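Only one structure is covered here, and it is reproduced in the block below.
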Amino acid sequence: MEEKAKAEEKKTGMIEAWLRKHRYLYDGATRHPFILSIHDGTISIDSFKTWLAQDYLFVRALVPFAASVLIKAWKESDESGDVEVILRGVASLEDEISWFKREANKWGVPLSDVVPQRPNVKYCGFLESLISPEVKYTVAITAFWAIEAVYHESFALCIEEGSKTPPELKETCARWGNEAFHGNYCKSLQKIANRRLQKASDEELKKAEVVLLSVLEHELDFWNMSRGNV
Ligand SMILES: Cc1ncc(CNC=O)c(N)n1
């Protein structure tokens with residue numbers, strides 16, 4: 001890319017520029033048929049149960065990754081406030097795991113015998129690879145933002161005015177779709193990512209963009225898995 005154009009994108013926000021550039025993939029991850037089927041009320045309960053059980057395992061694997069981002073923030077960040085933002089996210093995962101257990105109980109999904117499906121294994125393996133100290137804070141925070149943003153944007157659609165989301169799924173959707181916590185949390189992560197990307201080297205920028213694309217692809221595969229097409 002031309003130097004001037006790149007400088008301009010860094011100023012206005014790398015994340016926004018990447019979302020424009022990769023709109024098709026981003027929409028694919030945030031407007032997936034699985035989400036659209038919740039939104040229009042046609043979701044099969046089996047798909048929902050598959051998603052619930054698989055996502056429980058995913059969230060358990062997200063904890064060490066989130067903790068690794070926290071460590072990177074503490075070691076590498078130029079702003080101490082980053083640690084609080086990430087810590088809030090890490091802390092919320094404890095409540096989330098309890099929620100998964102309650103919700104699974106409600107639906108009669110036994111979490112103790114859930115076997116992770118291939119797309120889940122791959123996504124969790126990808127998260128684990130990002131824990132490595134060789135992955136820089138800037139790259140890791142970009143991934144973390146993307147992981148949270150896809151869920152927020154997806155589920156926010158399902159609680160929009162006029163959506164036909166089944167009432168028994170509303171609470172699930174509000175968990176990630178709500179603005180008060182999750183929306184603001186995503187905005188804070190995006191702000192941190194943009195600030196870091198602004199100062200990043202070309203090589204780091206490239207790595208962060210590749211990681212963003214990987215997250216979007218893994219999220220797509222995760223939704224596909226939930227619908228039963230692996
Ligand atoms: C597959 C996937 N991606 C993102 C999230 C949202 N983060 C924490 O809950 C999630 N639960 N599952």
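The values are calculated or read from the model by the stated rules, or taken from the named source; none is laboratory data. Remember, it's a predicted structure, so these values are computed and weren't measured experimentally. As a convention, Cβ positions derive from the backbone with ideal geometry for all residues, glycine included, and neighbour counts pool all protein chains shown. These accessible areas exclude ligands, DNA and RNA; they are computed on the full protein's heavy atoms, side chains included. Shrake-Rupley method; radii C 1.70, N 1.55, O 1.52, S 1.80 Å.
Note on segment 85-132: residues that are more than 30 Å from Q190 (Cβ to Cβ) and of a type outside the set (K, R) amount to 11. Put simply, of H152, H182, H218 the only residue that is open to solvent by 30 Å² or more (accessible area, probe 1.4 Å), under 21 Å from I97 (Cβ atoms) and within 12 Å of the chain's Cα centre (by Cα) is H218.
Among all positions in segment 200-216, there is at least one residue which is within 14 Å of the ligand (Cβ to nearest atom) and touching a His at 6+ places or on another chain (Cβ under 9 Å). Being among the acidic types (D, E) and within 19 Å of the chain's Cα centre (by Cα) is a property that does not hold for E103. Looking only at residues in segment 54-109 that are modelled with pLDDT under 95 and not charged (D, E, K, R), the one that is surrounded by the most Cβ atoms within 10 Å (Cβ to Cβ) is S77. Within segment 157-169, being surrounded by fewer than 16 Cβ atoms within 10 Å (Cβ to Cβ) and assigned to a helix (DSSP H, G or I) holds for P167, E168. Scan segment 145-155 and tell me whether some residue there is over 23 Å from K207 (Cβ atoms) and outside any helix (DSSP H, G or I). Looking for residues that are over 23 Å from K207 (Cβ atoms) and outside any helix (DSSP H, G or I), one finds none in segment 145-155, hence no. May I ask you to verify whether V135 is within 11 Å of the ligand (Cβ to nearest atom), out of contact with any Lys or Arg (no Cβ under 6 Å at 6 or more places or on another chain), at pLDDT 95 or above and closer than 26 Å to L205 by Cβ? Judged against the criteria, V135 is not a match.
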